[in-house]
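Visitor: Can you keep this structure in mind? I'll have questions shortly.
Computed from the coordinates by the stated procedures, all read-outs in this text should not be read as laboratory data. Predicted model, so just to flag it, every value in this text is computed and none were measured. Because the Cβ atoms are built from the backbone with ideal geometry, glycine has one as well, and the counts that use them run over all protein chains shown.
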Amino acid sequence: MLSEAVRMGSGLLFLVLSLVRSHIDLCVSNILTMKIQILNWIKYDRQFKTGLALYMQYGINLALKTTFNRQGESPYNLAILITELSKLALIHADEVAAMLAVPVANYKKQEPLKIVTEEIPTPVLPAAPIPPVVNIIPENVLKSIRLRDEFPFLNSKDCPDLLKVLVADMLSAYDNYKLAHEALFTSENEEQMLINAKATVDNYLENRLIWDELNHYKQHHEILAKHPIFEEKQEILKICDMNGQQLAKEKVNLYKAIGRLKKLIEKADKPELNFTRGELIESKERLLEAVNKQLETR
């Protein structure tokens, strides 16, 4: 029985390794093919129609594909197309700029890069049961794992609580940034474009600000305290020192402030400010929670 189990285990290991190797070889071959096709397009073609065909084949941004198909060729869309294709092929911006500085006619005197493909041999597999694929890790969990790998102090007991709060905010800001960035390319008018552009920039800056806090703590083991959340902490400390009468007054003021901000959002006169107003509401609601906790102990 033991030898049979060992034989089956060895067969299963060989199966997995063979499949992984074949998959890696195939992925590398596809990536090289894509990169050569995109390089040749930038050098010898630069026509929107043929570039769009490449992006439809290799691109993953469905919103951008829809925009390109709906709006068609324009200098702006061609510039975006070149940028997105170069990102897919992992071509540095400086390298792209250098290629674009040379006219297509000059490149046509040279030989285009050739795609060399090798047939990937099909591995000979022993008879062994193939286990089902289970426990696929969600993308938000993967992001959290990557952050904890980048900043190991997040797993330590002495990690400041506010930094852990900022990690959750950072993941949200990144997701919101991606959504706003995609929406930017599908804006139907200038007003929508302004709103989406503001949301893109705000979420990017929020993400960057939190990254700076985490990176500073990683390097110096002390808080940088430039993020607004640390100003909020000082406000909470002030709340803890208030007497009952002051707390009651602060509670009324916070309720009024939250109400005013919500009315401004509902009014929708300046939708580009909704992100900032929403953050203020969340901050004041946390302060209100701190006030209520203090009132409960009095």
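Visitor: Tell me the Rg and the Dmax, in Å, that the Cα atoms of the stretch 218-262 produce.
Guide: 14.7, 44
Visitor: Setting aside same-chain residues fewer than 8 positions from K65, which lysines have a Cα under 24 Å from its Cα?
Guide: K35, K43, K49, K87, K178, K198
Visitor: Pull up the cross-link candidates among the lysines for K251, meaning alpha carbon to alpha carbon under 23 Å and not fewer than 8 places away within one chain.
Guide: K233, K238, K262, K263, K284, K293
Visitor: Let me ask something else about it. Fully extended, how many nm does the chain gain between N215 and D149 (0.36 nm per residue separation, minus their Cα-Cα distance)?
Guide: Stretched fully, the N215-D149 segment lengthens by 22.5 nm.
Visitor: In addition: So for E222, E289, fewest C-beta neighbours within 10 Å to most, what's the order?
Guide: E222, E289
Visitor: Once the dipole of the stretch 144-220 is set up with Lys and Arg at +1 and Asp and Glu at -1 on Cβ about the Cα centre, which of S172, N215, V201 lies farthest towards its positive end?
Guide: N215
Visitor: If you don't mind, another one. How would you rank H181, H216, going from fewest to most other Cβ atoms within 10 Å of each one's own Cβ?
Guide: H216, H181
Visitor: Now for a different question. Arranged from highest to lowest average of other beta-carbon atoms within 10 Å per residue, in what order do the peptides 49-59, 228-238, 151-161 appear?
Guide: Sorting 49-59, 228-238, 151-161 by mean packing, highest first, produces 49-59, 228-238, 151-161.
Visitor: Take the stretch 166-238, compute every pairwise Cα distance, and split them into 10 Å bins from 0; I just need the percent in each bin.
Guide: Cα pair-distance distribution for the stretch 166-238, in percent: 20, 37, 26, 13, 3.
Visitor: Just to be sure I understand the model, the point goes 7 Å from the Cα along the line to the Cβ. What's the resulting A225 to V102 distance in nm?
Guide: Inter-label distance under the simple model: 5.5 nm.
Visitor: Something else about it: Taking every pair of Cα atoms in the stretch 211-298, average 1/r, invert it to obtain the Kirkwood radius, and report Rg/Rh to two decimals.
Guide: Here Rg/Rh amounts to 1.08.
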